[in-house]
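The values are calculated or read from the model by the stated rules, or taken from the named source; none is laboratory data. Since this is a predicted model, take the numbers as computed values, not measurements. When we count neighbours, we look across all protein chains shown, and the Cβ atoms used for this are built from the backbone with ideal geometry, even at glycine. All accessible areas refer to the heavy atoms of the entire protein, side chains included, with ligands and DNA or RNA removed. Shrake-Rupley method; radii C 1.70, N 1.55, O 1.52, S 1.80 Å.
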Amino acid sequence: MNSATVRNLLVRGMLAGLGAGLLALVAAYFLGEPNVDSAISFEAAHSHEHEMEIVSRSLQSTAGLATGVLVYGVAFGGIAALAFSFALGRVGRFSPRATALLLSGCALLAVYVVPFLKYPANPPSVGNPDTIGKRTTLYFLMMVLSVLLAIAATILGKRLAPRIGTWYATVGAVAAFAVVIGLAYAFLPVINEVPKDFPATLLWRFRLSALAIQTVLWGGFGLVFGELAERLLNPKPVTAAASGRVAVPS
């Protein structure tokens, strides 16, 4: 794949990330923001300190939310497009559309779901402000470890396939990934800073909405980018009728 093709895929990946970000923005506004408002109300009702808002809540839930989600979508769309350029043809004989969907699913799993299961997202009023640095470090450590292990499992599966077959190689690679991730879950510290009187239903809804937003983001990216990559890499031939020309027999 030459540099011009990679550049075109990068542009399409960022555009697909922008489109997926718009879908995720709608999901975040209607699914996530009501839970955030409820958590903020709980915090205000149980806090004796009144802090002045530097940025209003209305601005946070509109312009601030849109900026964060769209920038996130564009950035990860570009990174995913570069990963697609490397993975196409190396992970199996899949079409560009299928490769994009497979890559999006694996990215959702490695970048978000695996770290989420160990350190799930928490709404406002959950978590000690003094441990935010530690919690952030542990989360990103889990995310980097998950991504590296996913890459290692892919390489392992590719090397085992000629010896034991694609099916058993895939099962073995997935099993190895699960075992090492399970060990990481067991040895990394547990963080439980949920207040005793915090509503369990609200916590569950918030975490479920966070997972749904990421699913919309990566699912939308896989569909949009897959279509754009398919049209770029496998263009349909232009027929004489479509081009407006009449074939003249020789």
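Of all the residues in the range 122-136, those that are among the basic types (Lys, Arg) and open to solvent by less than 70 Å² (accessible area, probe 1.4 Å) number 1.
Taking residues in the range 81-92 that are at negative phi, and partners anywhere that are surrounded by fewer than 18 Cβ atoms within 10 Å (Cβ to Cβ) and not hydrophobic (A, V, I, L, M, F, W, C), the pairs with Cβ atoms closer than 9 Å and at least 6 places apart or on different chains are SER85/THR5; ALA87/THR154; ARG90/THR154; ARG90/LYS158; VAL91/THR154; VAL91/LYS158. The set of residues in the range 137-157 being buried (at least 16 other Cβ atoms within 10 Å of the Cβ) and more than 16 Å from the chain's Cα centre (by Cα) consists of LEU138, LEU149, ALA153, THR154, LEU156, GLY157. Evaluating ALA153 against the criteria (1) aliphatic (A, V, I, L, M); (2) farther than 16 Å from GLN214 by Cα; (3) touching a Gly at 6+ places or on another chain (Cβ under 6 Å) leaves one unmet condition, (3). Restricting the range 93-136 to residues that are of a type in the set (S, T, N, Q) and more than 11 Å from the chain's Cα centre (by Cα) leaves a set whose member that is nearest to LEU188 (Cα to Cα) is THR136. Exactly one residue out of THR201, THR170, THR166 is touching a helix residue (DSSP H, G or I) at 6+ places or on another chain (Cβ under 7 Å) and hydroxyl-bearing (Ser, Thr, Tyr): that is THR170. The residues of the range 90-121 that are open to solvent by 60 Å² or more (accessible area, probe 1.4 Å) and assigned to a loop (DSSP other than H, G, I, E, B), listed by number, are ARG90, ARG93, PHE94. Applying the condition of being more than 10 Å from ALA27 (Cα to Cα) and either touching a helix residue (DSSP H, G or I) at 6+ places or on another chain (Cβ under 9 Å) or not in a helix (DSSP H, G or I) (or both) to the range 204-214 and asking which residue is least open to solvent (accessible area, probe 1.4 Å) yields PHE206. Look at ALA184 and say whether it is farther than 30 Å from GLY127 by Cα and either modelled with pLDDT of 95 or more or hydrophobic (A, V, I, L, M, F, W, C) (or both). No. Checking each residue in the range 76-89 for being among the hydrophobic types (A, V, I, L, M, F, W, C) and open to solvent by 50 Å² or more (accessible area, probe 1.4 Å) picks out PHE76, ILE79, LEU82, PHE86. Selection of the range 171-197 for residues being crowded, with 18+ Cβ neighbours inside 10 Å and either under 24 Å from GLY19 (Cβ atoms) or touching a residue at least 40 places away in the same chain (Cβ under 8 Å) (or both) yields only ILE181.
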